[in-house]
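Note sheet for the following structure.
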Amino acid sequence: MKNPANPGIGPGRARRWIAWCAGALLGAYLLAPIAVMAGGGKPATRLVNVADTRALEPGISKFIADVYNTNLILFGLLVLVTMAGMGALLGFACDKIVGLIGIDLGKLSHHE
Amino acid sequence: MDVFDIYLPIAGIEFNVLLLLLIGFTVGVCGGFFGIGGAWIVTPALNIFGFPMPYAIGTDLAHMGGKSIVSTIRHGKFGNVDVRLGLAMIVGTTCGMELGARLVLYLERLGLAEEYIRKAYVVFLALIGGYVLYDYLTHMRRVKAASTGKEQPESRHTFAQKLQRLHLPPMISFPASGIRCSLWLPVLVGLTTGIVASVLGVGGGFIRMPALIYLVGCPTLVAVGTDLFEVMITGAYGAFTYGIKGRVELIAAVWMLLGAAIGAQMGTVAVKYVRGYSIRLLFAVTIFIACISVLLKQLELNVASSVMIVSAGIIISLVIMGLLVRGVVVEQRALKSKRGGSS
């Protein structure tokens, strides 16, 4: 039922919007790999994928190198999760810090 | 300075942490300000300081994904990210990149790839830089004519406005950009920029940003934010795909991301204090420097090319920082005088 108090957002429109978003996200999910692989260049066929862990003390570096040496798919996931997680965390943290300086961080008018 | 050296087990080298932070910071500032990934600064920067090239590309792409999240969050809060437009474009971009890759393979079979692609790269950079600069100068002439009271020339429709009028269903509104056009417009623009980016072997941020302005008709700030949204998606997948190929030095990427996050935040906030056309002018200058750098590479002056692009990156980020500091000081003074006036 369309809400007469708020004629702008009817359930039909919301459904269309959600369906559009879902379709676009699915398309992006299916097509993004092709794009990145297409732009990725030649695979590193001559590289020997072994990290030298002999001189490493137990810690984060050793853990990362061990994952790299044992399972590259897991390493790929580790890279993705680390970068995305750090990006989100640092993004929100930096945002808070800049806000504390006193800079007005409201919406901008798009003046040219 | 040895105290800041860390061992990177995957690349098998020792590298200075401060250098990683500096490179990350520099490209973060430029990326947040222009809406680009900045691979053309990071890859030669890492490489000239001794980072092996195969790892330089993967490590750059990995940190780019994280850095773009930082910028996209801030640009999103500024209202500069048109998610609808970004998603529509990414469909075209991905198809275009696949087509571009096939075109490269075809040119390689003919033995023409190297020759044609390098020339096309230089021509493309010169064309984009030239057009953006021409647009800036035209705009400034109009502003000057208006301020001196001279009669302004009749304002004509831009090429983007003409494209927006093409009635090719489905027509769709992009509220964040303030435009309504056929869905095919951003898809086709994405497709074209995707082909070009793929053929040139670059991420494509420096092509997409002006394409969003001059072909789709976005305001400059929305073009910057929306482009970063796309870089975020492709960068995240790039981090994964290069990771499984074993080409990412994760420790280096983490240090770079720490610097880039701060830089990206500053570069993004700096757009608040400049007009869209100022961003376009700085962008044109950056593109010309990149063009000269590619020319130097063609002349096999690789070290000169890398040094030039890295120095240019540092200088441009300093200029952006200067704009940010000036903007903050002016804003704070205005706030103080407002408070003083009201009390």
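Out of the residues in segment A:63-76 meeting the condition of being facing chain B (nearest Cβ under 7 Å) and in contact with a helix residue (DSSP H, G or I) (Cβ under 7 Å, 6 or more places away or on another chain), tell me which one is surrounded by the fewest Cβ atoms within 10 Å (Cβ to Cβ). Walk me through it before giving the result.
As a first pass, look at segment A:63-76 and keep what is facing chain B (nearest Cβ under 7 Å): A:64-65, A:68, A:72-73, A:75-76.
Going one step further and asking which of them are in contact with a helix residue (DSSP H, G or I) (Cβ under 7 Å, 6 or more places away or on another chain), we end up with A:64, A:68, A:72-73, A:75-76.
Values: A:Ile64: 25, A:Tyr68: 25, A:Leu72: 16, A:Ile73: 10, A:Phe75: 26, A:Gly76: 22.
Once the filter is applied, the top-ranked residue is A:Ile73.
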Handout entry: Flag for B:Thr158 being at pLDDT 80 or above and open to solvent by less than 30 Å² (accessible area, probe 1.4 Å)
Key = no
Exercise for the section: Among the numbered conditions (1) surrounded by fewer than 24 Cβ atoms within 10 Å (Cβ to Cβ); (2) of a type in the set (Asp, Glu); (3) part of a helix (DSSP H, G or I), tell me where B:Asp60 comes up short. Expected result: (1)
Exercise for the section: Count, please, the residues in segment B:252-283 that happen to be buried (at least 24 other Cβ atoms within 10 Å of the Cβ), hydrophobic (A, V, I, L, M, F, W, C) and in contact with a Ser or Thr (Cβ under 8 Å, 6 or more places away or on another chain). Expected result: 5
Handout entry: Subset of segment B:10-33 (residues that are in contact with a Ser or Thr (Cβ under 7 Å, 6 or more places away or on another chain) and within 16 Å of B:Val202 (Cβ to Cβ))
Key = B:Cys30, B:Gly31
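So which residues in segment B:74-85 are surrounded by 23 or more Cβ atoms within 10 Å (Cβ to Cβ) and either at the interface with chain A (Cβ under 7 Å from one of its Cβ atoms) or touching a Pro at 6+ places or on another chain (Cβ under 9 Å) (or both), if there are any at all?
B:Arg74, B:Asn80, B:Asp82, B:Leu85
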Completion exercise
Residue hits (segment B:47-85; of a type outside the set (Phe, Trp, Tyr), touching a strand residue (DSSP E or B) at 6+ places or on another chain (Cβ under 9 Å) and at pLDDT below 85) are B:Gly50, B:Pro52
Exercise for the section: Quick one: which residue in B:Val104, B:Val143 is within 11 Å of another protein chain (Cβ to nearest Cβ), over 18 Å from the mean Cα position of the chain (by Cα) and surrounded by fewer than 16 Cβ atoms within 10 Å (Cβ to Cβ)? Expected result: B:Val143
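Can B:His63 be described as touching a Gly at 6+ places or on another chain (Cβ under 7 Å) and more than 19 Å from B:Tyr237 (Cα to Cα)? Even if it seems obvious, please write down each step before you answer.
Details: touching a Gly at 6+ places or on another chain (Cβ under 7 Å): yes; more than 19 Å from B:Tyr237 (Cα to Cα): no.
So B:His63 does not fit the description; no.
Condition first: open to solvent by 90 Å² or more (accessible area, probe 1.4 Å) and without any contact (Cβ under 8 Å) to a residue 12 or more places away in the chain. Now tell me which residues in segment B:109-136 satisfy that.
Start the filter on segment B:109-136 by keeping residues that are open to solvent by 90 Å² or more (accessible area, probe 1.4 Å), which leaves B:109-110, B:114-116, B:118-119, B:127, B:131, B:134.
Residues satisfying the conditions are B:Arg109, B:Leu110, B:Glu114, B:Glu115, B:Tyr116, B:Lys119, B:Leu127, B:Tyr134.
Give me the residue from segment B:315-332 that is free of Cβ contacts under 8 Å to residues at least 12 places away in the same chain and away from chain A (no Cβ under 12 Å) and, out of that set, nearest to B:Val274 (Cα to Cα). Don't jump to the end; show me each part of the working.
Of all residues in segment B:315-332, those free of Cβ contacts under 8 Å to residues at least 12 places away in the same chain come to B:315, B:318, B:322, B:325, B:329, B:332.
Right, trim to away from chain A (no Cβ under 12 Å) and you get B:315, B:318, B:322.
Numbers: B:Ile315: 18, B:Leu318: 15, B:Gly322: 11 Å.
If we take residues in segment B:315-332 being free of Cβ contacts under 8 Å to residues at least 12 places away in the same chain and away from chain A (no Cβ under 12 Å), then B:Gly322 is nearest to B:Val274 (Cα to Cα).
The values are calculated or read from the model by the stated rules, or taken from the named source; none is laboratory data. Remember, it's a predicted structure, so these values are computed and weren't measured experimentally. Counting neighbours? That spans all protein chains shown, and the Cβs are built from the backbone with ideal geometry, glycine included. Side chains are part of the model used for accessible areas, which takes the heavy atoms of the whole protein and leaves out ligands, DNA and RNA. Shrake-Rupley method; radii C 1.70, N 1.55, O 1.52, S 1.80 Å.
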